[in-house]
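I'd like to ask you about the structure that follows.
The values are calculated or read from the model by the stated rules, or taken from the named source; none is laboratory data. The model shown is predicted, which means the values in this text are computed figures rather than measured ones. Ideal geometry is used to build each Cβ from the backbone, glycine not excepted, and the neighbour counts take in all protein chains shown.
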Amino acid sequence: MSATPLDPDAAAGGAHEPPPPRRLVVSAGQLGPIRRDEPRESVVNRLIRLLEQAHSEGAELIAFPELALTTFFPRWYVEGDPELDLDSFYETEMPGPETKRLFARAAELGVGFCLGYAELTPDGRRFNTQILVERDGSIVGSYHKVHLPGHREHEPWREFQHLERRYFEPGDSFDTWNAFGGVVGMATCNDRRWPETYRVLALNGAELILIGYNTPKHYAPDPSQDPLQGFHNRLVMQAGAYQNGCYVVGTAKGGDEEGVPSLAESCIIAPSGEIIVGCHTEADEVVTAEIDLSLTTKYRETLFDFERYRRPETYGPITAQKGATPPTSPEVSHG
Ligand code: ING
């Protein structure tokens with residue numbers, strides 16, 4: 001009688017010695033509104049104050065919001081407003097004349113940061129960019145927002161526009177970097193609503209995902225979602241953290257910015273999906289937590305052991321198609 005085949009990876013299961021801790025003190029550096037005419041010097045002063053506050057709380061890394069150097073200009077149809085110069089909202093150098101003070105102060109204090117800004121490249125390409133800067137002031141990596149929400153053409157029926165698809169090109173990869181004693185990934189705003197974002201980053205080894213966002217509380221295509229903005233914000237980031245055994249830091253630019261009430265509620269989330277700490281204002285605010293990157297293994301080596309439990313051979317439709325294709329007959333559809 002043949003022996004019952006052992007679970008080929010049974011050895012992988014079972015309790016085992018926990019790995020040594022890999023502690024990191026991380027802050028979310030939330031911004032309140034940035035005025036349309038607020039000089040970058042003023043904004044950089046605010047960012048430096050947040051960074052100094054984070055440093056006083058022991059932080060080694062602070063995550064700033066999406067488009068953290070200017071007001072959220074995709075709310076306007078710039079071509080229709082002679083007072084608005086689109087290029088004035090973009091950075092052509094990083095660090096540039098106004099931002100090098102931030103880099104210098106950060107390196108002086110030994111605090112790394114993640115910064116979102118509008119990037120205009122030398123060859124004229126425009127991205128909604130986030131950079132990761134290590135504690136010595138060196139730029140470790142750069143991310144271009146993949147999921148661009150909103151619309152491309154002026155839609156005057158809206159109270160305000162959401163023209164990211166007009167003002168930016170999408171990025172095409174979710175990269176990760178060895179930094180801060182672990183593996184760090186970045187995502188931006190609408191990216192956080194798509195589960196693929198977290199899974200691809202986690203498959204690229206991410207243990208900590210930094211997400212900046214600017215989220216108007218009013219969603220013109222379906223205002224019934226407005227009262228749920230805070231719930232949806234927490235839902236997607238907590239789910240993304242738990243289902244991928246990652247820490248997630250979500251950092252807002254919130255408050256009433258140029259007449260558009262925007263969600264704040266920045267927070268730091270554990271691999272369990274629990275919110276460790278969150279902001280309570282809609283203004284400039286720092287929240288800080290000491291995390292232990294080794295705790296990601298509690299999920300990634302058990303419940304969400306990708307190598308042991310994932311079934312990519314059944315996930316074909318996720319990359320083979322864009323939209324949904326319901327079954328054409330009573331039989332079950334097969335991707
Ligand atoms: N903002 C929004 C976001 O995904 C949006 C788009 C606006 C969604 C309003 C829902 C309601 O959080 C960005 N910048 O992606």
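Please find, among 141, 137, 150, the residue that is surrounded by 18 or more Cβ atoms within 10 Å (Cβ to Cβ) and within 14 Å of the ligand (Cβ to nearest atom). First the steps, then the outcome.
Values: 141 fails: within 14 Å of the ligand (Cβ to nearest atom); 137 fails: within 14 Å of the ligand (Cβ to nearest atom).
One residue alone meets the criteria, 150.
In addition: Count, please, the residues in region 118-144 that happen to be in contact (Cβ under 8 Å) with a residue 60 or more places away in the chain and in a loop (DSSP other than H, G, I, E, B).
Just the residues of region 118-144 that are in contact (Cβ under 8 Å) with a residue 60 or more places away in the chain, to begin with: 128, 130, 132, 135.
Among the residues that remain, those that are also in a loop (DSSP other than H, G, I, E, B) are: 135.
Count: 1.
Name the residues in region 25-64 that are without any contact (Cβ under 8 Å) to a residue 12 or more places away in the chain and among the acidic types (Asp, Glu), would you?
37
Being part of a helix (DSSP H, G or I), within 11 Å of the ligand (Cβ to nearest atom) and more than 17 Å from the chain's Cα centre (by Cα) is the filter here, so list the residues in region 153-166 that pass it. If you could, list the steps in order and put the result at the bottom.
Taking region 153-166 and keeping what is part of a helix (DSSP H, G or I), we get 164-166.
So of that shortlist, the ones also within 11 Å of the ligand (Cβ to nearest atom) come out as 164-165.
Residue satisfying the conditions is 165 alone.
Looking only at region 100-118, filter to residues that are under 20 Å from the mean Cα position of the chain (by Cα) and more than 15 Å from the ligand (Cβ to nearest atom); which one of those is farthest from residue 62 (Cα to Cα)? Before the answer, list the steps.
Applying the first criterion (under 20 Å from the mean Cα position of the chain (by Cα)) to region 100-118 yields 111-118.
Cutting the leftovers down to more than 15 Å from the ligand (Cβ to nearest atom) gives us 111-115.
Numbers: 111: 7, 112: 6, 113: 5, 114: 7, 115: 9 Å.
Result: 115.
Consider residue 150 carefully, then state whether it is over 12 Å from the mean Cα position of the chain (by Cα) and within 19 Å of residue 252 (Cα to Cα).
Working: over 12 Å from the mean Cα position of the chain (by Cα): yes; within 19 Å of residue 252 (Cα to Cα): yes.
When the stated conditions are applied, residue 150 passes them.
How many residues, within region 185-231, are without any contact (Cβ under 8 Å) to a residue 24 or more places away in the chain and of a type outside the set (S, T, N, Q)?
Start the filter on region 185-231 by keeping residues that are without any contact (Cβ under 8 Å) to a residue 24 or more places away in the chain, which leaves 219, 221-228, 231.
Among the residues that remain, those that are also of a type outside the set (S, T, N, Q) are: 219, 221-223, 226-228, 231.
Residues in region 185-231 being without any contact (Cβ under 8 Å) to a residue 24 or more places away in the chain and of a type outside the set (S, T, N, Q): 8 in total.
Would you tally the residues in region 195-220 being over 11 Å from the mean Cα position of the chain (by Cα) and either surrounded by fewer than 24 Cβ atoms within 10 Å (Cβ to Cβ) or polar (S, T, N, Q) (or both)?
Selection size over region 195-220: 13.
If I filter region 6-20 for residues that are at pLDDT 95 or above and either out of contact with any helix residue (DSSP H, G or I) (no Cβ under 6 Å at 6 or more places or on another chain) or surrounded by 19 or more Cβ atoms within 10 Å (Cβ to Cβ) (or both), do I get at least one hit? Walk me through it before giving the result.
Residues of region 6-20 that are at pLDDT 95 or above, as a first pass: 20.
Those still in the list that are either out of contact with any helix residue (DSSP H, G or I) (no Cβ under 6 Å at 6 or more places or on another chain) or surrounded by 19 or more Cβ atoms within 10 Å (Cβ to Cβ) (or both) too: 20.
Yes, there is a match, as at least one residue in region 6-20 is at pLDDT 95 or above and either out of contact with any helix residue (DSSP H, G or I) (no Cβ under 6 Å at 6 or more places or on another chain) or surrounded by 19 or more Cβ atoms within 10 Å (Cβ to Cβ) (or both).
Select from region 168-194 the residues that are away from the ligand (no atom under 11 Å from the Cβ) and buried (at least 16 other Cβ atoms within 10 Å of the Cβ) and list them in ascending order. Explain how you work it out, then say what you get.
Filtering region 168-194 for residues away from the ligand (no atom under 11 Å from the Cβ) gives 169-186.
Selection gives 171, 174, 175, 176, 177, 179, 180, 182, 183, 184, 185, 186.
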